[in-house]
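What follows is a set of notes on a single structure, which appears directly below.
The values are calculated or read from the model by the stated rules, or taken from the named source; none is laboratory data. What you see is a predicted model; the values in this text were computed from it and never measured. Every residue, glycine as well, gets a Cβ built from its backbone with ideal geometry; the counts of neighbours run over all protein chains shown. With ligands, DNA and RNA removed, areas are computed over all heavy atoms of the protein, side chains included. Shrake-Rupley method; radii C 1.70, N 1.55, O 1.52, S 1.80 Å.
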Amino acid sequence: MDPKLKWAVPLLIIGSVIMLVNTSFAEDDYQRCEIAVNNWATSQLSQEVKEDKHTLRDLLFFLHIPRTGGRTYFHCFLKKLYSSRLECPRSYDKLRFNPRTAHCRLLVTHDDYSMMTKLPKEKTSVVTILRNPVDRVFSTYEFSIEVAARFLVHPNLTSSIQMAGHLRKKNNVVSTLDIWPWKYLVPWMREDLFSRRDARLSRNLNLVESKNSYDMEHFAMPLHQYINDPIALDIVHNGATFQVAGLTNNSKLEESHEVRTCVQKYDSLGDSVLDVAKRRLDNMLYVGLTEDHKGSATTFAHVVGAQVISQLVESNSSMEHQAMNITEQNSLAESESQIGQHKADDNLIKVLPNAVREVKRSMTVGNLMEAYESCITHLRKSQSQRRINSLKRISPVNYTKEARHQVPESMIEQIISLNRLDMELYKYAQNIFAGQHEQTVQKLLQERQNSILINSFMTPHWENISLIMTIVLVVVAILLFVNARRRMSKVKV
């Protein structure tokens, strides 16, 4: 017997056994994942019950999906509506307050939907903004590199890390490096940029082999490498779906890691997560779209802004009434045991005038929109200049809308494939937004028609006034003439 054949048979048997074991293991693993995902989805869907999603509740939770324009809404809308004393003390990763007892009305954070487990759900309204997934991946890649490039002012990576840590402790502020997902993405890109810069300097390289800013490997990580890295696969792709579902690697749910890992491993299981995310969008007070900037802003102002204004005015009226009662009680109180309570009540009275002025100062939807337009112009200029200054450090890399056209279509298709869940969720959000926007437009048209109708009765046009005056004068002239003829007739008699 041929020695080769002698060993071939046992090897074939061993190989077959290994394949059977692996197949069995894969089937068992899939079934385990299927059970875990379905149990989680069933549990979450059973909790999604909203009696009236259109009414603003006591606490507004802005679920800020990264790179959707949420910072603009925060600075140019929400900070115009809510005073700083009404903002919940926040760290984007760790709560520094008890949200069930804190007297705050606004929470803005990159935390995912699992944050709702820490909030009084029946008293909380959620709003969010979604963006075309392809554009969001591009923007996430660009911003990761932009922020990381700021550290290139330092001579080396160690120096940049030490200085960043020192400044964060000294200033005691929340840095980009403290915020999800940038606390993962920026250090990753920072290390990569220093590595590439060191390599260029050591080889004395200064050649640009490509005109495509997304593929200049001597200066920054190419886009094709970025989107296929395990970090991006875990955090960036389908990030909106996982964030709305509450399954990011920053989740407060114990089962989130297992469920997310199973969905990333078995694509078909993602549909269950998608169903949960869709249901949550259905129950939100407002869902905006980055791409429809003007329509989203208008809808936000009328759906959310108008209710915040009404809510705060009503709240401040109640506080004024409470303060008046406290003042009357204090004027009658003589007991020394009440002095401590009087001091606490005095603090409330001191807060009132500022709170009332903040609401009355420019609290109309029209003024809010005017303030928003002015604010975004300034904010965009500031952000653009900061981006230019950062990217100078890795020139000739320059990320623009025009530069994106140089990215091969095959890579765009790959991004779409990697973000299947986000693509579906975005389409669903478009339908929700279309309905909200249509209702807003109809409401504005009705208000305008009512205004015109009222004005037509209350304020006649000048042409009508002139005609009426002319008729009155003619009638008066006729009456005077008739009276004069009668007098003349009496005189003759």
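Calculated FRET efficiency, residue 43 and residue 204, Cβ-Cβ r, R0 56 Å, to nearest 0.05?
That pair, residue 43 with residue 204, gives E of 0.40.
What FRET efficiency do you get for residue 255 and residue 471 if R0 is 51 Å and r is their Cβ-Cβ distance, rounded to the nearest 0.05?
0.05
If you stretched the chain out fully between residue 169 and residue 403, how much longer would it get, using 0.36 nm times the residue separation minus the C-alpha to C-alpha distance?
Working it through step by step, the gained length comes to 80.4 nm.
Which value, in Å², gives the accessible area per residue of the range 156-202 when a 1.4 Å probe is used on the protein heavy atoms?
It amounts to 55 Å² per residue over the range 156-202.
Within the range 57-92, name every residue whose backbone N is under 16 Å away from a label modeled 7 Å from Cα of residue 374 along the Cβ vector.
Of the residues in the range 57-92, 75-81 have backbone N under 16 Å from the label point off residue 374.
Grab the beta carbon distance between residue 313 and residue 158, set R0 = 45 Å, and tell me the FRET efficiency rounded to 0.05.
Step by step, r from the Cβ atoms, then E = 0.25.
Taking the Cα-to-Cβ direction at residue 117 and at residue 442 and moving 7 Å from each Cα, how far apart do the two end points lie in nm?
So the label points at residue 117 and residue 442 sit 3.9 nm apart.
Please give the contour-minus-distance gain from residue 229 to residue 211: 0.36 nm per residue of separation, less the Cα-Cα distance, rounded to one decimal in nm.
That pair, residue 229 and residue 211, stretches by 4.2 nm at full extension.
Given the pairs 252/401; 211/381; 118/170; 169/401; 183/381; 294/392, which span a C-alpha to C-alpha distance of over 28 angstrom in this model?
252/401; 118/170; 169/401; 294/392, as the Cα separations exceed 28 Å there.
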